[in-house]
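Encoded as structure tokens, the structure appears first; notes follow it.
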Amino acid sequence: MQPANPIIVIPARMGAARLPNKPLADINGQPMIVHVWRRAMESGVGRVLVAAAEQEIADVIQAAGGEAVLTDPALSTGTDRIAQALKQLDPRQHHECVINLQGDLPTLPPEDIGAVLLPLADPAVDIATLVAEITRPDEVHDPNVVKAVMSFPVKQMGPARIGRALYFSRTAIPSGEGPHYHHIGIYAYRRSALERFVTLPQSVLEKRERLEQLRAMEAGMKIAAVCVNSVPLGVDTQADLERARQILGKTI
């Protein structure tokens, strides 16, 4: 049985090095963070909250009719930001799990946001996420594409498979014949798992791979993933922003 009353929290801050003021970047007349908020609302999962590091982000969300809370701009990760936001707004843990949705995924299909909750039906799973099978050979060896080493039940076929994540890396693992999986940066945490995670120190593998989720794995936390059909565009550069404008220009 999945945890009750999920909440989606979107952490956002202005300090992106490669694309300054990224949350407010205009995409066809609306700030990018508003597009992400709309995808979250369209998912129908539940309450949606933007955890903003700056007032400007909160202002545009509130102007769009959304809910935002200010968090400490000095926080180093989005996970720390959502944890602080929940302490402010839900100290009694009415929301039993939280979806951490990155604020730079404006093209993420709303149905995939709901899909990330599916692995939490297993009480042994602490954290859930999404993967998609890599179809472009160049992505296998691209260090900017995070690969998830997955163990899927043999009888499961096609999309919406649920499997255990064994490791995450920027390198092409495992070796040998077979598919590789692109990790999609959206997580569903049980509240207890989130609270534990943010108290853990950075781990050796986390620092080595520059992947935060390895901190949870080194601490013995279980991560499972749903395999979905496609990888959404993550907006990190001006070129990504132009591509997002083209994609969303065809749908809005």
Check on Arg196, more than 27 Å from Pro31 (Cα to Cα) and touching a His at 6+ places or on another chain (Cβ under 8 Å):
no
Out of all the residues in region 197-221, which are within 15 Å of Thr77 (Cα to Cα), surrounded by fewer than 20 Cβ atoms within 10 Å (Cβ to Cβ) and without any contact (Cβ under 8 Å) to a residue 40 or more places away in the chain?
Thr199, Leu200, Pro201, Gln202, Ser203, Glu206, Lys207
Among (1) surrounded by 15 or more Cβ atoms within 10 Å (Cβ to Cβ); (2) at pLDDT below 95; (3) closer than 13 Å to Glu133 by Cα; (4) not β-branched (Val, Ile, Thr) - the single one Gly185 does not satisfy
(3)
Near pairs, Cβ below 8 angstrom, 6+ apart or cross-chain, from region 223-252 (exposed (fewer than 12 other Cβ atoms within 10 Å of the Cβ)) to any residue that is of a type in the set (Gly, Ala, Ser)
none
Single residue of Ile82, Ile99 found to be touching a strand residue (DSSP E or B) at 6+ places or on another chain (Cβ under 6 Å), assigned to a helix (DSSP H, G or I) and of a type outside the set (Asp, Glu)
Ile82
Out of all the residues in region 153-169, is one or more of a type in the set (Ser, Thr, Tyr) and either modelled with pLDDT under 95 or touching a Cys at 6+ places or on another chain (Cβ under 9 Å) (or both)?
no
Identity of the residue in region 3-32, touching a Gly at 6+ places or on another chain (Cβ under 6 Å) and part of a loop (DSSP other than H, G, I, E, B), that ends up surrounded by the fewest Cβ atoms within 10 Å (Cβ to Cβ)
Asn28
Would you confirm whether or not region 56-72 contains a residue that is modelled with pLDDT under 95 and either among the β-branched types (Val, Ile, Thr) or out of contact with any helix residue (DSSP H, G or I) (no Cβ under 8 Å at 6 or more places or on another chain) (or both)?
no
Region 67-84, subset out of contact with any Lys or Arg (no Cβ under 9 Å at 6 or more places or on another chain) and not hydroxyl-bearing (Ser, Thr, Tyr), residue surrounded by the fewest Cβ atoms within 10 Å (Cβ to Cβ)
Ala74
For the structure I just gave you, tell me whether Ala165 is small (Gly, Ala, Ser), out of contact with any Leu (no Cβ under 9 Å at 6 or more places or on another chain) and either surrounded by fewer than 21 Cβ atoms within 10 Å (Cβ to Cβ) or under 13 Å from Val228 (Cα atoms) (or both).
no
Tell me, which residue of region 199-245 that is of a type in the set (Val, Ile, Thr) and out of contact with any Asp or Glu (no Cβ under 6 Å at 6 or more places or on another chain) is nearest to Ile127 (Cα to Cα)?
Ile223
Please go through region 51-69 and give me each residue that is assigned to a helix (DSSP H, G or I) and farther than 20 Å from Thr79 by Cα, ordered by number.
Glu56, Asp59, Val60, Gln62, Ala63
Here are some residues: Asp142, Asp72. Which one is in a loop (DSSP other than H, G, I, E, B), within 16 Å of His182 (Cβ to Cβ), free of Cβ contacts under 8 Å to residues at least 60 places away in the same chain and of a type in the set (Asp, Glu)?
Asp142
Might you check whether a residue that is closer than 17 Å to His35 by Cα, out of contact with any Lys or Arg (no Cβ under 6 Å at 6 or more places or on another chain), of a type in the set (A, V, I, L, M, F, W, C) and touching a residue at least 40 places away in the same chain (Cβ under 8 Å) occurs anywhere in region 118-127?
no
Does Arg243 count as charged (D, E, K, R) and over 16 Å from Ile27 (Cα atoms)?
no
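The values are calculated or read from the model by the stated rules, or taken from the named source; none is laboratory data. Because the structure is a prediction, the values reported are computed rather than measured. Don't worry about glycine lacking a Cβ; one is built from the backbone with ideal geometry, like all the others, and counts go over all protein chains shown.
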